[in-house]
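Worksheet for the structure shown next.
Where a number appears in this text, it was derived from the coordinates with a stated rule and is not lab data. Remember, it's a predicted structure, so these values are computed and weren't measured experimentally. Positions of Cβ are generated from backbone atoms using ideal geometry, with glycine treated the same way; all protein chains shown enter the neighbour counts.
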Amino acid sequence: MRKHPDRWRPRVRELASANPTWSEVEIAWAVVDQMAIEGAEVLHPVFETTGGRPGRQTVQTNPANYRDAVRMTE
């Protein structure tokens, strides 16, 4: 978000408007999900051309869900 505030600040506002009952935590994790999807799209060609060695991505999960494997993997 710091590198591209013009891209992400409006998206945060959109998410908050579209989901008025969401907490700041839920909005933040929705942004993390979207950033991961965009990052995967950027890395996918590298992953494909190298046979999967470089081009992998890891994404932080919400540690508050540590007792619920289903929510962690969603």
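With (1) part of a loop (DSSP other than H, G, I, E, B); (2) over 15 Å from the mean Cα position of the chain (by Cα); (3) surrounded by fewer than 14 Cβ atoms within 10 Å (Cβ to Cβ); (4) not aromatic (Phe, Trp, Tyr) as the list, and Arg13 as the residue in question, which single condition is left unmet?
Checking Arg13 against (1) part of a loop (DSSP other than H, G, I, E, B); (2) over 15 Å from the mean Cα position of the chain (by Cα); (3) surrounded by fewer than 14 Cβ atoms within 10 Å (Cβ to Cβ); (4) not aromatic (Phe, Trp, Tyr), the one that fails is (1).
Which condition number does Glu48 fail, the rest of (1) surrounded by 12 or more Cβ atoms within 10 Å (Cβ to Cβ); (2) more than 22 Å from Glu74 (Cα to Cα); (3) among the acidic types (Asp, Glu) being met?
In the conditions (1) surrounded by 12 or more Cβ atoms within 10 Å (Cβ to Cβ); (2) more than 22 Å from Glu74 (Cα to Cα); (3) among the acidic types (Asp, Glu), Glu48 misses (1) alone.
Which of the residues spanning region 51-70 are more than 18 Å from Val32 (Cβ to Cβ), small (Gly, Ala, Ser) and surrounded by 10 or more Cβ atoms within 10 Å (Cβ to Cβ)?
Once the filter is applied, which keeps residues that are more than 18 Å from Val32 (Cβ to Cβ), small (Gly, Ala, Ser) and surrounded by 10 or more Cβ atoms within 10 Å (Cβ to Cβ), region 51-70 yields Gly52, Gly55.
Look at Asp68 and say whether it is more than 13 Å from the chain's Cα centre (by Cα) and not hydrophobic (A, V, I, L, M, F, W, C). Even if it seems obvious, please write down each step before you answer.
Working: more than 13 Å from the chain's Cα centre (by Cα): yes; not hydrophobic (A, V, I, L, M, F, W, C): yes.
Yes.
Which residue pairs have Cβ atoms under 8 Å apart, sit 6 or more places apart or on different chains, and have a first residue in region 41-62 that is farther than 30 Å from Glu26 by Cβ and without any contact (Cβ under 8 Å) to a residue 40 or more places away in the chain and a second that is acidic (Asp, Glu) and in a helix (DSSP H, G or I)?
none
Any idea which of (1) part of a helix (DSSP H, G or I); (2) out of contact with any helix residue (DSSP H, G or I) (no Cβ under 9 Å at 6 or more places or on another chain) is the one Thr21 doesn't satisfy?
Here Thr21 meets the rest and fails (1).
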